[in-house]
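To start, the structure itself, in structure tokens.
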Amino acid sequence: MPPRKRANGQAELFGVSSTKQIQDILWKAADKLRGSMDAAQYKEFVLGLVFLKYVSDAFAERRTQIKDSLSGIPENRHAQFLDDRDEYASANVFWVPETARWDYLVENAPTGVGALLDDAMDAIMRENRALTGVLPKIFNRDNVDQKRLKELVDLISDARFTGHGDRPAQDVLGEVYEYFLERFARAEGKRAGEFHTPPSVVRVLVEVLEPYQGRVYDPCCGAGGMFVKSKKFIEAHAGRDHTDDIAVYGQEANERTWRLAKMNLAIHGMDPIGIGNRWADTFVDDKHPDMRADVIMANPPFNMSDWARRESDLRWRFGAPPQSNANFAWLQHILSKLGDRGTAGVVLANGSMSSKQSGEGEIRRAMVEADLVACMVALPPNLFRNTAIPACLWFLTKDKSPQGAKALADRRGEVLFIDARALGIMVDRTERVLTDDDIAKVADTYHAWRGTKSAKTKGLTYENLPGFCYSARLDEVAAHDHVLTPGRYVGAVEADEDLDAEPVADRIARLTKELHAHFDESSRLEALVREHLGELNV
């Protein structure tokens, strides 16, 4: 459909209706600024503007709903309802002052769009406590091309986050925001690990841990993807009415990423207060010192050597981690935050399962002997675009007992090993993703082993499967010197027995005979060629 002009002359693409179309339009918007600033800066620009557009659209949508409900009420009383902030807060809609509304910004953009946008961000933060200090005020800087910025605003104006049938604006923008984070992760390569975990890996953590209720914590939360996926899990399995059954808490050391996380949670209707009022290093300034979480999910930086180590830190219950590698610092920090019946899932480099350098083997042994390791999963290669380092999942818990009324399987003194290296499909030359079936296979195996309610509902029972999973007693793990690589325990895949299969000796004899025949034929052909060439005096 061709663009139709508004009264103010701005083009509006009324044909833009699908989330995919919105994503494409907004990615074009990102390209508008790509050439004039680094990837991290233009990410903040574009996502900040997308957020501003969303809160404005959602506010306008809610205002229309309120107005439509006022039939029969005298018009001179409409204003008191339309300007009642509680009417917006009750629908999880941010209050947007008039000078921060998108129509106002577009109409006045020719007078200086950068200053208008910075003022709008300021106004929204003043009026909404949850967004204090979150939104970027970077649009009126000297290094910003105001002409390109105006073009960017025009492009974003073509995106509609409302009017998508029964889908609320929050859902539409939430998907757009996640899409952008993934696209920016691809663009930034190795630096993307600061804010992005591959969605299929996050889903494995969420599906295994089943965070239906309680406190969910991530000590290195990036852009908040673990929290968002937790909410989606609840929506899918318990319904939207239960999304408030979890409270999320997190911490992020990078300022820009912390801002992205706060916006991400706000867009998805989650309270961003739990991420704190400022970014901070978890090892230096623990923002949640008294945290006892029900569920912990984390993807800390792999093999981090530049970290603030204190030998006497009380978190090092099982031994002081080496300065050269923070893997066991993260694991022990997470254990210190677990509630008595809490569970945790952590993404780490494969070396954490077997390293014996600088005391790491002793720390791992102590954790295993304390019966804190529930499950180890070896992941397939190529899941992470930002690193070629092979990865694994650690699942930790403080209580492997049946836990009373939960009637779980008693797994005290056992560790489940899952070798998932053969799972996943390549979506392009360099990237692999785990499919829904792959994710379900890992999660169902763990749930069957643990005897969870979901496993009983599905009628699942656990059994060792050669080449994929094995439940090992702690004495078996000790016999392997507390190395936790699943391949050591699950064994080889059992080949299906073929009663008609050719005996090995016969097969060797047949192949040898065929090989000799091949060489005899080759020699014969070579002799014929030489004879023919000789006749031609060549």
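Annotation note: Cβ proximity below 7 Å between a residue of the stretch 67-86 that is closer than 25 Å to residue 126 by Cβ and a residue that is open to solvent by 80 Å² or more (accessible area, probe 1.4 Å) (sequence gap 6+ or interchain) occurs for 82/67.
Any residue in the stretch 246-264 that is among the hydroxyl-bearing types (Ser, Thr, Tyr), at pLDDT 95 or above, assigned to a helix (DSSP H, G or I) and open to solvent by less than 20 Å² (accessible area, probe 1.4 Å)? No, the conditions are met nowhere in the stretch 246-264.
Considering only residues in the stretch 415-431 that are open to solvent by less than 60 Å² (accessible area, probe 1.4 Å) and at pLDDT 95 or above, the one that is nearest to residue 379 (Cα to Cα) turns out to be 420.
Select from the stretch 380-393 the residues that are open to solvent by 10 Å² or more (accessible area, probe 1.4 Å) and either in contact with a strand residue (DSSP E or B) (Cβ under 6 Å, 6 or more places away or on another chain) or within 14 Å of residue 330 (Cβ to Cβ) (or both) and list them in ascending order.
Within the stretch 380-393, the subset open to solvent by 10 Å² or more (accessible area, probe 1.4 Å) is 381-382, 384-390.
Scanning the stretch 380-393 gives 382, 389.
Are there any pairs with C-beta distances below 7 angstrom linking a residue in the stretch 388-410 that is within 19 Å of residue 338 (Cα to Cα) to a residue that is assigned to a strand (DSSP E or B) and among the basic types (Lys, Arg), with the two at least 6 apart or on different chains, and if so which? Within 7 Å, the pairs are 398/341; 399/341; 403/341.
One line per residue, one yes/no per condition, for (1) more than 23 Å from the chain's Cα centre (by Cα); (2) in a helix (DSSP H, G or I); (3) at pLDDT 85 or above:
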{"site": "31", "(1), (2), (3)": "yes, yes, no"}
{"site": "37", "(1), (2), (3)": "yes, no, no"}
{"site": "40", "(1), (2), (3)": "no, yes, no"}
{"site": "44", "(1), (2), (3)": "no, yes, no"}
{"site": "53", "(1), (2), (3)": "yes, yes, yes"}
{"site": "57", "(1), (2), (3)": "yes, yes, yes"}
{"site": "62", "(1), (2), (3)": "yes, yes, yes"}
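Evaluated against (1) touching a residue at least 60 places away in the same chain (Cβ under 8 Å); (2) outside any helix (DSSP H, G or I), residue 331 falls short on exactly one condition, (2). Residues in the stretch 344-365 that are open to solvent by 10 Å² or more (accessible area, probe 1.4 Å) and within 14 Å of residue 415 (Cβ to Cβ): 365 alone.
Checked against (1) modelled with pLDDT under 90; (2) part of a helix (DSSP H, G or I); (3) surrounded by 14 or more Cβ atoms within 10 Å (Cβ to Cβ), residue 105 passes all but condition (1). The requirement of being within 15 Å of residue 327 (Cβ to Cβ), under 29 Å from the mean Cα position of the chain (by Cα) and modelled with pLDDT under 95 is fulfilled nowhere in the stretch 362-379; no residue meets it.
Only residues that are of a type outside the set (D, E, K, R), in contact (Cβ under 8 Å) with a residue 60 or more places away in the chain and open to solvent by 20 Å² or more (accessible area, probe 1.4 Å) were counted in the stretch 265-286, giving 3.
Residue check: residue 289 meets all listed conditions (1) open to solvent by less than 50 Å² (accessible area, probe 1.4 Å); (2) in a loop (DSSP other than H, G, I, E, B) but one, namely (1). One residue stands out in the stretch 196-230 among those that are hydrophobic (A, V, I, L, M, F, W, C) and either under 14 Å from residue 262 (Cα atoms) or at pLDDT below 95 (or both): the one that is nearest to the chain's Cα centre (by Cα), namely 226. The single condition among (1) in a loop (DSSP other than H, G, I, E, B); (2) touching a His at 6+ places or on another chain (Cβ under 8 Å) that residue 234 does not meet is (1).
Among the conditions (1) surrounded by 24 or more Cβ atoms within 10 Å (Cβ to Cβ); (2) out of contact with any Ser or Thr (no Cβ under 6 Å at 6 or more places or on another chain), the only one that residue 215 does not satisfy is (1).
The lone criterion from (1) open to solvent by 40 Å² or more (accessible area, probe 1.4 Å); (2) in contact with a helix residue (DSSP H, G or I) (Cβ under 8 Å, 6 or more places away or on another chain); (3) part of a helix (DSSP H, G or I) left unmet by residue 324 is number (3). Contact map, the stretch 227-238: first residue under 9 Å from residue 212 (Cβ atoms) and without any contact (Cβ under 8 Å) to a residue 60 or more places away in the chain, second residue assigned to a helix (DSSP H, G or I) and open to solvent by less than 40 Å² (accessible area, probe 1.4 Å), Cβ cut-off under 7 Å, separation 6 or more or different chains; pairs are 233/206; 234/243.
The values are calculated or read from the model by the stated rules, or taken from the named source; none is laboratory data. Since we're looking at a predicted model, the values are computed, not measured. Quick reminder, even Gly has a Cβ in these numbers, built from the backbone with ideal geometry, and neighbours come from all protein chains shown. Please note that ligands, DNA and RNA were not included when accessible areas were found on the heavy atoms of the full protein model with its side chains. Shrake-Rupley method; radii C 1.70, N 1.55, O 1.52, S 1.80 Å.
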